[in-house]
Amino acid sequence: MLRLTVSTEEYLMIGNDIKIVFLGGSKNHTRVMLDVPKEVNVVRSKVLEERTVDPEEKKKLSHYYAVPELPAKYRKKKNHS
């Protein structure tokens, strides 16, 4: 697993044909844009969870949680002018 901190409008390339662009957001939401070939299936985790009926299969789905507060050494310093 790779954890990154990115700025608005930065992007990640996966291979030569998948681009993930980070568009910004608010405290609880992040907007991303995915540029992927039509052959690649992209599904939100929420949809996968809703489609999965079997409790055992639901347990196998990956779950990721946001870090509630970053340590001070990782926070951006704010300029107060």
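The values are calculated or read from the model by the stated rules, or taken from the named source; none is laboratory data. Note that the structure is a prediction, hence the values are computed from the model and not measured. Because the Cβ atoms are built from the backbone with ideal geometry, glycine has one as well, and the counts that use them run over all protein chains shown. Just the protein is used for accessible areas: all its heavy atoms, side chains included, with ligands, DNA and RNA removed. Shrake-Rupley method; radii C 1.70, N 1.55, O 1.52, S 1.80 Å.
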Quote the charge dipole size of the chain about the Cα centre in Debye, to the nearest 20; the model charges only the Cβ of Lys and Arg (+1) and of Asp and Glu (-1).
580
With the 8 Å Cα cutoff and a minimum separation of six or more residues, the chain has a relative contact order in percent of 15
Hey, if you put +1 on the Cβ of every Lys and Arg and -1 on every Asp and Glu Cβ in the stretch 1-45, which of Asn28, Leu4, Val42 ends up farthest toward the positive end of that dipole?
Asn28
Which label belongs to the value computed from this structure, given these candidates for P(r) over Cα pairs in 5 Å bins from 0, in percent: [x] 3, 15, 27, 28, 19, 6, 1, 0, 0; [y] 3, 18, 31, 29, 15, 4, 1, 0; [z] 3, 9, 15, 19, 20, 15, 10, 5, 2, 1, 0, 0?
[z]
The lysines whose Cα lies under 23 Å from the Cα of Lys73, excluding any fewer than 8 residues away in the same chain, are Lys27
Dimensionless Rg over Rh [the stretch 1-45; C-alpha; Kirkwood]:
0.98
On the protein heavy atoms, probe 1.4 angstrom, tell me the percent of accessible surface of the chain carried by carbon and sulfur.
52
